[in-house]
Amino acid sequence: MSNHAKNRICLWYVDDAEAAAQFYAETFPNSSVGSVFRAPGDYPSGKQGDVLTVEFTVMGIPCLGLNGGDTFTHSEAFSFQVSTVDQAETDRYWHAIVNNGGAESECGWCKDKWGLSWQITPVALMQAIVNPDPAAAKRAFDAMMTMKKIDIATIEAALRG
């Protein structure tokens with residue numbers, strides 16, 4: 001038995017948890033692929049040697065990828081929220097996810113090619129919408145509501161009025 005976190009997020013994949021884990025490890029800092037558990041024998045939906053689970057870490061969060069078939073799919077009810085420090089980091093993560101078979105959504109949300117949702121959220125956006133000036137916060141919020149990928153300069157301009 002490998003050494004693993006006492007609590008971790010288990011994410012269900014059809015059959016490519018290892019590819020997803022590798023993508024996350026290559027895309028995000030403080031991410032890695034750990035142990036890969038392969039079936040010790042044949043089973044109803046697979047054969048000996050097929051990958052059953054993959055231990056991995058995404059930005060310090062321990063995860064387990066489970067190759068469970070197509071019974072369940074990801075939904076927006078679960079997402080990773082990634083805080084970004086500037087537009088370059090926002091663009092880098094957004095484009096890595098969307099341009100690798102993913103899809104854009106609204107207000108900083110996107111999905112990777114496995115259907116997992118990500119919120120690519122600039123710190124500047126969060127600071128803007130909790131601004132103590134309610135009119136400024138509303139302007140920033142309204143600007144965000146028109147966006148797919150967050151544009152920090154537009155948020156900052158809305159904040160200033």
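The values are calculated or read from the model by the stated rules, or taken from the named source; none is laboratory data. None of the values given here were measured: they were computed from a predicted structure. No Cβ is skipped: glycine too gets one built from the backbone with ideal geometry, and neighbour counts run over all protein chains shown.
Inside the range 106-132, residues that are within 17 Å of Ala88 (Cα to Cα) and of a type in the set (Val, Ile, Thr) make up a count of 3.
So that you can scan it fast, the table gives a plain yes or no per residue for (1) out of contact with any helix residue (DSSP H, G or I) (no Cβ under 6 Å at 6 or more places or on another chain); (2) within 22 Å of Asn7 (Cα to Cα):
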site: Thr57; (1), (2): yes, yes
site: Arg92; (1), (2): yes, no
site: Ala96; (1), (2): no, no
site: Ser105; (1), (2): yes, no
site: Gly108; (1), (2): yes, no
site: Met126; (1), (2): yes, no
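Note on the range 104-155: among residues that are part of a strand (DSSP E or B) and touching a residue at least 40 places away in the same chain (Cβ under 8 Å), the one that is surrounded by the fewest Cβ atoms within 10 Å (Cβ to Cβ) is Glu104.
Scanning the range 145-160 finds no residues that are under 30 Å from Arg38 (Cβ atoms) and out of contact with any strand residue (DSSP E or B) (no Cβ under 8 Å at 6 or more places or on another chain). In the range 55-80, the residues that are surrounded by fewer than 17 Cβ atoms within 10 Å (Cβ to Cβ) form Cβ pairs under 7 Å with partners that are among the polar types (S, T, N, Q) and not in a strand (DSSP E or B), at six or more places apart or across chains, as follows: Met59/Asn30; Met59/Ser31; Gly60/Asn30; Gly69/Ser45.
Note on the range 6-48: among residues that are outside any loop (DSSP other than H, G, I, E, B) and of a type in the set (Asp, Glu), the one that is nearest to Gly68 (Cα to Cα) is Glu18. Residues in the range 49-86 that are among the aliphatic types (A, V, I, L, M), within 15 Å of Trp12 (Cβ to Cβ) and assigned to a loop (DSSP other than H, G, I, E, B): Ala77 alone.
For Ala103, the requirement of being out of contact with any strand residue (DSSP E or B) (no Cβ under 9 Å at 6 or more places or on another chain) and not basic (Lys, Arg) is not met. Tell me, yes or no, whether the range 40-48 has at least one residue that is surrounded by 16 or more Cβ atoms within 10 Å (Cβ to Cβ), modelled with pLDDT of 95 or more and not assigned by TED's automatic domain parsing to the domain that holds Gly115. No, there is no match, as no residue in the range 40-48 is surrounded by 16 or more Cβ atoms within 10 Å (Cβ to Cβ), modelled with pLDDT of 95 or more and not assigned by TED's automatic domain parsing to the domain that holds Gly115.
Could you tell me whether Ala19 is closer than 20 Å to Lys148 by Cα and either surrounded by fewer than 17 Cβ atoms within 10 Å (Cβ to Cβ) or touching a Phe, Trp or Tyr at 6+ places or on another chain (Cβ under 9 Å) (or both)? Judged against the criteria, Ala19 is not a match.
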